[in-house]
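> I have a structure I would like to understand better, so I am pasting it below and will then ask my questions one at a time.
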Amino acid sequence: MADIGDLVLVHLEQDPVFFARVEDIVADSKPAWYQVRLMVLAVPSFEITWILREAYINGEPFTMEGKAMRIEKLPPPDALLEMKQEKKQKTKASGKVVELAGRR
């Protein structure tokens, strides 16, 4: 589940449209609904508040004004860097080992 401080990618009709940071999540007056305050990371940045169920905060699709929406929680930047490094290691071709000490 996306939590306060997490970065999310918001999708509209299957297309990513903007990044945002979750600023706050508080219970709404309607049971099982939450007010989710997002800071849209645009220039200039601005805040929006959506009233969502927990499932929608967890990434399940929902509709807003008849349009399909989805919130995708992004991994922290450190995890993204680790994923890139792991991918590079997996794609490296195994070749012969070159002894660097003898090249001096």
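Here, each number is a calculation from the coordinates, and none is a lab measurement. None of these values were measured; they are calculated from a predicted model. Backbone-built Cβ (ideal geometry, glycine too); neighbour counts: all protein chains shown.
> Show me, for the range 67-75, the HN-Hα J-couplings you get by feeding each phi into the Karplus relation (A = 6.51, B = -1.76, C = 1.60, θ = phi - 60°), rounded to Hz, glycine and proline as x.
9, 6, 10, 7, 10, 10, 6, 9, x
> Using a 10 Å cut-off around each Cβ, can you sort Asp78, Asp6, Asp24 from fewest to most neighbouring Cβ atoms?
Numbers: Asp78 8, Asp6 17, Asp24 14.
Starting with the residue having the fewest Cβ neighbours, the order is Asp78, Asp24, Asp6.
> Specify which residue in the list Ile4, Phe19, Ala55 is farthest towards the positive end of the charge dipole of the chain, using unit charges on the beta carbon of Lys, Arg (+1) and Asp, Glu (-1), about the Cα centre.
Among Ile4, Phe19, Ala55, the one farthest towards the positive end of the dipole of the chain is Phe19.
> Under 17 Å from a label point 7 Å along Cα→Cβ of Glu72: give me every residue in the range 24-57 with its amide N that close.
Residues 41, 56-57 qualify, since their backbone N sits under 17 Å from the label point.
> Another one. Using 10 Å bins from zero, what percent of all Cα-Cα pairs in the chain falls into each bin?
Taking all Cα pairs of the chain, the binned fractions are 13, 35, 23, 11, 8, 7, 2, 0 percent.
> Cut-off is 10 Å between beta-carbons; in what order do Leu41, Leu100 appear when sorted fewest neighbours first? Intermediate values should be presented prior to the final figure.
Working: Leu41 13, Leu100 7.
Placing the least packed residue first, the sequence is Leu100, Leu41.
> Work out from phi, with θ = phi - 60° and the Karplus expression 6.51 cos²θ - 1.76 cosθ + 1.60, the ³J(HN,Hα) of each residue of the range 4-15, listed in order in whole Hz, and give x for Gly and Pro.
Once rounded to whole Hz, the list reads 4, x, 6, 8, 10, 10, 9, 10, 10, 6, 6, 9.
> Just to be sure I understand the model, the point goes 7 Å from the Cα along the line to the Cβ. What's the resulting Ala27 to Asn58 distance in nm?
Taking the simple label geometry, Ala27 and Asn58 are separated by 1.8 nm.
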